[in-house]
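To start, the structure itself, in structure tokens.
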Amino acid sequence: DYKWEDFEAKLLGELKSAFYPCKAVVPSMIEHKRGCIIAVSSGASRQVSEGFLAHSTAKSGLDAFVKSLAVELGPHGIRVNAIAPGLTVTDATAFIQQEQKNSVAQMTPLRRNGLPEDVAGAILLLASEEARFITGAYLPVSGGIQML
């Protein structure tokens, strides 16, 4: 039932939101021989579920973008990684029924849904100097529901 226009809009939206900021900052990063790019993917890029066709496809494309950039920019001292939040309680997930959120929480080893602070903490970790030898990574931030 999906219209191509809607599918295309999701794909382009996700990829443009990574492409254009990278296009803006990478030249300066190359000049300084350092930098860190962190994309926000989704657990849905690897564990698909019904009703998320466009989202899963778009985030899978973003994952490939991250890996390709990691290879291309690594020689310039630039790290590129992705975090992949699981169900996180935000305005974007407000449409999901609380019963479904509770069910997902019970499937995670940590028995809860993510919070924005959990995602921010993962970004901070990957941006830190402690992660200086990590690039091309896909880091699930899912309370353990997605393990690699």
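The values are calculated or read from the model by the stated rules, or taken from the named source; none is laboratory data. Here the structure is a predicted model, which is why all the values come from computation and not from measurement. Because the Cβ atoms are built from the backbone with ideal geometry, glycine has one as well, and the counts that use them run over all protein chains shown. Calculation scope for accessible area: heavy atoms of the full protein, side chains included, ligands and nucleic acids excluded. Shrake-Rupley method; radii C 1.70, N 1.55, O 1.52, S 1.80 Å.
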Exercise. Rounded to the nearest whole Å², what accessible area per residue is found for the chain with the 1.4 Å probe?
Worked result: 63 Å²
Seminar exercise, completed: Volume per residue (Å³) of the convex hull spanned by the alpha carbons of the chain is 118 Å³
Problem set entry | Relative contact order %, the chain, counting alpha carbon pairs below 8 Å whose residues are six or more apart | 26 percent
For this session: Relative to the longest principal axis of the C-alpha atoms of the chain, give the angle of the C-alpha long axis of helix 98-107, reported between 0 and 90° and rounded to the nearest 10°.
Result: 70 degrees
Exercise. Taking all protein chains as present, what is the carbon and sulfur share of the accessible area of the chain, in % to the nearest whole number, probe 1.4 Å?
Worked result: 60 percent
For this session: For a quick protection proxy, order the peptides 16-22, 85-91 by their average other-Cβ count within 10 Å, most packed first.
Result: 85-91, 16-22
Exercise. Pairs K16/K67; K59/K101; K3/K101: which are spaced more than 25 Å apart, C-alpha to C-alpha?
Worked result: K3/K101
For this session: Starting from the Cα gyration tensor of the stretch 83-127, take the square roots of the eigenvalues, sort them a ≥ b ≥ c, and report rounded, prolate or oblate (rounded when a/c is under 1.5, otherwise prolate if a/b is larger than b/c, else oblate).
Result: oblate
Exercise. Does anyone have the angle between helix 116-127 and the longest principal axis of the chain? Alpha-carbon axes, 0 to 90°, nearest 10?
Worked result: 20 degrees
